[in-house]
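To start, the structure under review is shown below, and the notes come after it.
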Amino acid sequence: MTIIAPSILSADFSDLKNEILRLTEAKADMIHLDIMDGHFVPNLTFGPAVVKALRPYTGLPFDTHLMVSGPDALIPEFAKAGADIITVHAEACPHLDKTLAEIRRLGCKAGVSLNPSTPEDVLDYVLDKLDLILIMSVNPGFGGQKFIPAQLEKIARVKKLIGERKIMLEVDGGINPLTAAEAVAAGADALVAGTAVFEGGDYAKNIAALRQN
Ligand code: DX5
Ligand code: ZN
């Protein structure tokens, strides 16, 4: 079954503890944490202190998406805060091989994310160091954007590249029941959704609608 990872970027930031409890109750599979630095992306969210504060309120894995320039200095902080998966952007890591090894050394699962314009061949020589590949189907920075259809071809290519390896293929941005079906048909195992999970307030129904695909 498709793994659904709601992004709390669309949650009520004044009530994050209860939002996490509600998502857990609504049968989310992971909690997606969008970390933005106002530099790699033109927006700011939250850091390790908030991740640590939320950690006691769910047993679900924390899927931590670092949209930051030079993530190496922050990785130990997020590991300590309780991140389960730490995903960095290939575009932000000149020493990607080393960065991924460090994430695993700290006891976390290692992920790489690719912006829509980044070709998948950056993955060729790090496949043995990866637990997750995150294909951005929007340009990162904001929720509520439109799914970029050209990314479906990239999802299919990356699925092929993964082959029999145990690497989760996750897609992030503009996911709704329609694009969820397309992404899964192309090969996605996991879907991140902000807007589509939070709109209308019935999280369980919204999550189930994404998973039907
Ligand atoms: C975008 C973030 C996404 C975003 C998805 O930079 O990485 O996780 O929250 O939001 P929706 O589902 O609204 O496109
Ligand atoms: Zn994200």
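Worth a mention:
- The trypsin sites (Lys or Arg not before Pro) of the stretch 161-206 that DSSP puts in a loop, and whose beta carbon has at most 15 other beta carbons within 10 Å, are ARG165, LYS166.
- Helix runs (DSSP H) in the chain reaching 15 Å along axis by Cα, Kyte-Doolittle at least -1.0: 151-162
- Difference of contour (0.36 nm per residue) and Cα-Cα distance, LYS80 to ARG55: 7.9 nm
- Selection of trypsin sites (Lys or Arg not before Pro), the stretch 68-148, meeting DSSP coil and at most 16 other Cβ within 10 Å: LYS146
- For the chain, a Gaussian network of Cα nodes joined below 10 Å ranks MET136, MET168, MET30 by mean-square fluctuation, and the top entry is MET168.
- Computed extension length for LEU16-GLU199: 64.3 nm, one decimal, from 0.36 nm per residue of separation with the Cα-Cα distance subtracted.
- Proportion of all alpha-carbon pairs of the stretch 8-116 beyond 19 Å (%): 41 percent
- For the chain, the Kirkwood radius over C-alpha pairs fed into Stokes-Einstein at 37 °C and 0.692 mPa s yields D = 195 µm² per second.
- Length gained when the stretch GLU153-LEU178 is fully extended (0.36 nm per residue, less Cα-Cα span): 7.4 nm
- In order along the stretch 44-51, the phi-based Karplus estimate (6.51 cos²θ - 1.76 cosθ + 1.60, θ = phi - 60°) of 3J(HN,Hα) comes to 10, 10, 9, x, x, 5, 6, 4 Hz; Gly and Pro are listed as x.
- Once both labels are positioned 7 Å from their Cα atoms along Cα-to-Cβ, the gap between VAL122 and THR24 label points is 3.4 nm.
- The protection proxy used here, the mean number of other Cβ atoms lying within 10 Å of each residue, ranks peptides 83-90, 137-144, 179-186 as follows, highest first: 83-90, 179-186, 137-144.
- Pair-distance profile P(r), taking every C-alpha pair of the stretch 1-58, with 5 angstrom steps and integer %: 4, 17, 28, 25, 15, 8, 2, 0
- Separation in nanometres of the label points that stand 7 Å from Cα toward Cβ, at GLU164 and ALA73: 4.4 nm
Quick note: the coordinates plus some simple rules give every number you see, no bench work behind them. Quantities reported herein were computed from a predicted structural model and do not represent experimental measurements. As a convention, Cβ positions derive from the backbone with ideal geometry for all residues, glycine included, and neighbour counts pool all protein chains shown.
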